[in-house]
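*Asks:* Below: one structure in structure tokens.
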């Protein structure tokens, strides 16, 4: 427990340092102009930005709720929304947003969901999200191939390609885990054999039976997800809609600064997809540094000067810090319990 707390504090410290560096480079050249644009931003469009983020969290909560309700029928949408928001804090302070899933498993267990089933639910939910992410990434890559929105900069091209490949491989890996019964069995036996040799496991046969039982439930749940084509398509559709809400936030932020002509909705969605592809493999809490660089690099093809930097800072607040703060507040509302 002490080690986990130390790691969390270290992650937060890294996040603070990198955030300070980002702020320094964003404000050092035209501090007054950037601050003025932030302070004079149109409240209406800022509210629309908030509404888009709320819609994103709500849509993500619906799929989570539907998956949980298959196991625990009495589970409510309200609980799902609270869990989704609280998870944002753990995602925000851990590299690759890896802290949220263990917390979700813990909370689902407290609500009567067994650990294997809770893990199954979380991975299924993640599969649906990753499929939506890759679909929009594909659309963005194809659109840019024909329309040439961005300057041909080798490092950006390579970063986007790496991000797309990594997200695609994540889906492949999840499907292998979900449906590769033979591969999982061989891997399980190998790991248990090693742990037995290291004397970390005493009864290897009992462990094999226990974990094979977990995997059987897991495979069964994955098959149910894929076999229910109507639900599967609607769930992927909701995740795509949720991501579109997230990807449109830069547009409303730019509108709040009185710029209604530099970029349109389609261009914003495509550009945001590119930014997300870069940020998805940055090994720093919240992808801090990588996402800001991606935003300036890609949205810089449409905007410039203080508008670009101010919009980046407000966009980052809505898409990252807002969720982190809301999650921390929701978590602390539970008190010591």
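*Asks:* Go through the range 136-165 and report how many residues are surrounded by fewer than 16 Cβ atoms within 10 Å (Cβ to Cβ) and either assigned to a helix (DSSP H, G or I) or at positive phi (or both). Spell out the reasoning first.
*Replies:* Going through the range 136-165, the residues surrounded by fewer than 16 Cβ atoms within 10 Å (Cβ to Cβ) turn out to be 138-139, 142, 145-148, 151-155, 157-158, 161-162, 165.
Those left that are additionally either assigned to a helix (DSSP H, G or I) or at positive phi (or both): 138-139, 142, 145-148, 154-155, 157-158, 161-162, 165.
Residues meeting the conditions: 14.
*Asks:* When the residues of the range 199-235 are filtered to those that are out of contact with any helix residue (DSSP H, G or I) (no Cβ under 6 Å at 6 or more places or on another chain) and part of a loop (DSSP other than H, G, I, E, B), which remaining residue is modelled with the highest pLDDT?
*Replies:* My answer is 228.
*Asks:* Can you confirm whether residue 311 is within 23 Å of residue 40 (Cβ to Cβ), at pLDDT below 85 and touching a helix residue (DSSP H, G or I) at 6+ places or on another chain (Cβ under 6 Å)?
*Replies:* On the way: within 23 Å of residue 40 (Cβ to Cβ): yes; at pLDDT below 85: no; touching a helix residue (DSSP H, G or I) at 6+ places or on another chain (Cβ under 6 Å): yes.
Criteria not met by residue 311.
*Asks:* Could you list all residues from the range 18-31 that are in a helix (DSSP H, G or I), more than 15 Å from residue 321 (Cβ to Cβ) and either touching a helix residue (DSSP H, G or I) at 6+ places or on another chain (Cβ under 6 Å) or at pLDDT 70 or above (or both)? If you could, list the steps in order and put the result at the bottom.
*Replies:* Going residue by residue through the range 18-31, those that are in a helix (DSSP H, G or I) are 18-27, 31.
Next cut, more than 15 Å from residue 321 (Cβ to Cβ) only: 21, 24-25, 27, 31.
The answer is 27, and nothing else.
*Asks:* Hey, any hits in the range 35-55 for a residue that's modelled with pLDDT of 85 or more, surrounded by 17 or more Cβ atoms within 10 Å (Cβ to Cβ) and closer than 22 Å to residue 236 by Cβ?
*Replies:* yes
*Asks:* If I filter the range 255-267 down to residues being at pLDDT below 95 and outside any loop (DSSP other than H, G, I, E, B), which single residue comes out as farthest from residue 149 (Cα to Cα)?
*Replies:* The extreme case among them is 265.
*Asks:* Out of the residues in the range 56-90 meeting the condition of being part of a helix (DSSP H, G or I) and without any contact (Cβ under 8 Å) to a residue 12 or more places away in the chain, tell me which one is surrounded by the fewest Cβ atoms within 10 Å (Cβ to Cβ). Please lay out each step first, then the result.
*Replies:* Going residue by residue through the range 56-90, those that are part of a helix (DSSP H, G or I) are 56-69, 77-90.
With without any contact (Cβ under 8 Å) to a residue 12 or more places away in the chain added as a condition, the list becomes 69, 78.
On the way: 69: 15, 78: 10.
Going through the qualifying residues, I end up with 78.
*Asks:* Separate question: Does residue 168 qualify as being in a helix (DSSP H, G or I), modelled with pLDDT of 75 or more and touching a helix residue (DSSP H, G or I) at 6+ places or on another chain (Cβ under 9 Å)? Can you show your working first?
*Replies:* Values: in a helix (DSSP H, G or I): yes; modelled with pLDDT of 75 or more: yes; touching a helix residue (DSSP H, G or I) at 6+ places or on another chain (Cβ under 9 Å): yes.
It is true that residue 168 is in a helix (DSSP H, G or I), modelled with pLDDT of 75 or more and touching a helix residue (DSSP H, G or I) at 6+ places or on another chain (Cβ under 9 Å).
*Asks:* Condition (residue is over 28 Å from residue 123 (Cβ atoms) and at pLDDT below 90) applied to the range 268-291: is it met by at least one residue? Please lay out each step first, then the result.
*Replies:* Of the residues in the range 268-291, the ones over 28 Å from residue 123 (Cβ atoms) are 268, 270-271, 289.
Filter once more, keeping what is at pLDDT below 90: 289.
Checking the range 268-291: at least one residue is over 28 Å from residue 123 (Cβ atoms) and at pLDDT below 90.
The values are calculated or read from the model by the stated rules, or taken from the named source; none is laboratory data. From a predicted model like this one, the values you see are computed outputs, not experimental measurements. A quick note on method: Cβ atoms are made from the backbone with ideal geometry, for glycine too, and the neighbour counts reach across all protein chains shown.
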